1. Working carefully through the options Ala114, Ala103, Ala110, find the one that is under 13 Å from the mean Cα position of the chain (by Cα) and either among the aromatic types (Phe, Trp, Tyr) or under 22 Å from Glu265 (Cα atoms) (or both).
2. Output the residues belonging to the stretch 251-277 that are among the β-branched types (Val, Ile, Thr), within 16 Å of the ligand (Cβ to nearest atom) and assigned to a helix (DSSP H, G or I).
3. Among Gly86, Gly100, Gly60, which is the only one that is assigned by TED's automatic domain parsing to the domain that holds Pro253, farther than 15 Å from Leu283 by Cα and within 16 Å of the ligand (Cβ to nearest atom)?
4. Examine the stretch 233-250 for a residue that is assigned to a helix (DSSP H, G or I), away from the ligand (no atom under 15 Å from the Cβ), surrounded by fewer than 22 Cβ atoms within 10 Å (Cβ to Cβ) and in contact (Cβ under 8 Å) with a residue 12 or more places away in the chain, and state whether such a residue exists.
5. Residues of the stretch 68-78 being over 9 Å from Trp277 (Cβ atoms) and either among the aliphatic types (A, V, I, L, M) or touching a strand residue (DSSP E or B) at 6+ places or on another chain (Cβ under 8 Å) (or both), which ones?
6. Check every one of the helices (runs of 4 or more DSSP H) wholly within the stretch 27-122 and list those with 3 or more residues that are crowded, with 22+ Cβ neighbours inside 10 Å and not small (Gly, Ala, Ser).
7. Enumerate the helices (runs of 4 or more DSSP H) found wholly within the stretch 124-212, keeping only those where 2 or more residues are outside the structural domain of Ala354 (by TED's automatic domain parsing) and of a type in the set (Asp, Glu).
Amino acid sequence: MTALPARIRPGIAALRGSRIREVANAGMGRPGIIPMWFGESDLPTPDFIREAAAEALRRGETFYTPNAGVPALRAAIARYMTRIYGRAVDESRITVSASGMNAIMIALQALVDAGDNVVLVGPMWPNAADCVRVLGGEARFAVLDSGNQGWRLDLDRLEALCDARTRAIFVNSPGNPTGWMMETAEQQRLLDFARARGLWIVADEVYARIVYDREVAPSFIDVSGADDPVIVINSFSKAWCMTGWRLGWFTAPAALGETLEKLTEFNIAGPTSFAQWGGVAALEQGEDFIAAQRARLAQSRDIVVERLSTFRRVRFAPPAAAFYAFFAVDGLTDSVEACKRILNETGVGLAPGAAFGDSGEGHIRLCYAISPERVAEALERLAPVLD
Ligand SMILES: Cc1ncc(COP(=O)(O)O)c(C=O)c1O
């Protein structure tokens, strides 16, 4: 690497690149690879959504939009939230974002100063903790316990991590990589704690609809009022197969809207105009697609659960939600090296557990959002190295 011509912030220079990419870079583009490393479906965005965006382009929707999003999309999101949660969610609480990722960064920009800390539930997809670090804050982890009954959160332990410099508790449920779901009673207890301590809850619910035993996962929307210190983050990426669109939204107290708009201005000056019209179509006509996608994922999940359970070196809890299997491998101490080796030996691309924080080491994540046939083939290829 060539030297920089002048100083950048040391905290930024110290950030580590994605460990998932580190494995993927070793194999992407190679023929015959079955890619299960990234968190996205192999299905393209459905036609009715693409057509709505194309029609918006033809109509000339090519200008800046309000920072909070086009009114038609904010209204569609409010109707959608009201419909799926059975609680009135007013449009004044909705701000459109350029993806879940963008919403996470903006939420944390609003809350975290240098020297502050955020308590996150881990193991977790690494980006939120890195956003805290980008802002000069400290990421603290309340680590889930794993057992035969699945992943469990010790709320006493989480609460004990909060101190005078804690600004927010970050909960990703359904969780990537674990598939853990926080139950309603736990959400209620954490909300009571946040209220009492004057903390924000940032709830990353981008997998809200990727759940196998109900229509929608338990949400902080279910337990909170309109003015509670809760910011719920959603995304179009997962449920509607729109990862490349970069579109998501916040549901937050209306009083926070002005702050989110300001920060949107300084980050992206408004989400992409025509993409937002695709978002309207997704919310208004997308339920059949979600149901079909869920059925396909359930088939792939069943294949993974059945086959992985037969591997003698593997321990895992069947995922209740999201589209990952996160499994421990006996004797595994360097998951990055292991994933590179598995890639070379089997042509299956997996994500190293170390990518999800220290508590993820010893594990491997497999994303099964590809066709059941390819999932079955991948598991056959993995048998010699994991059994
Ligand atoms: C837990 C979690 N949150 C947020 C995101 C961000 O999704 P996007 O930026 O595509 O909306 C992801 C993507 O993988 C994720 O796994």
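The values are calculated or read from the model by the stated rules, or taken from the named source; none is laboratory data. Owing to the predicted nature of the structure, the values given are computational and were not obtained by experimental measurement. Cβ placement follows ideal geometry from the backbone for every residue including glycine, while neighbour counts extend to all protein chains displayed.
1. None of the other options fit; the residue is Ala103.
2. Within the stretch 251-277, Thr264 is the sole residue that qualifies.
3. One residue alone meets the criteria, Gly100.
4. no
5. Correct list: Ala68, Gly69, Arg74, Ala75, Ala76, Ile77, Ala78.
6. 71-85, 100-111
7. Filter on the stretch 124-212 gives 155-160, 184-197.
Yes/no per residue for (1) more than 21 Å from Val230 (Cβ to Cβ); (2) touching a residue at least 40 places away in the same chain (Cβ under 8 Å):
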site: Val132; (1), (2): no, no
site: Gly137; (1), (2): no, no
site: Ala142; (1), (2): no, no
site: Gly147; (1), (2): yes, yes
site: Asp154; (1), (2): yes, no
site: Ala160; (1), (2): yes, no
site: Ile169; (1), (2): no, yes
site: Asn172; (1), (2): no, yes
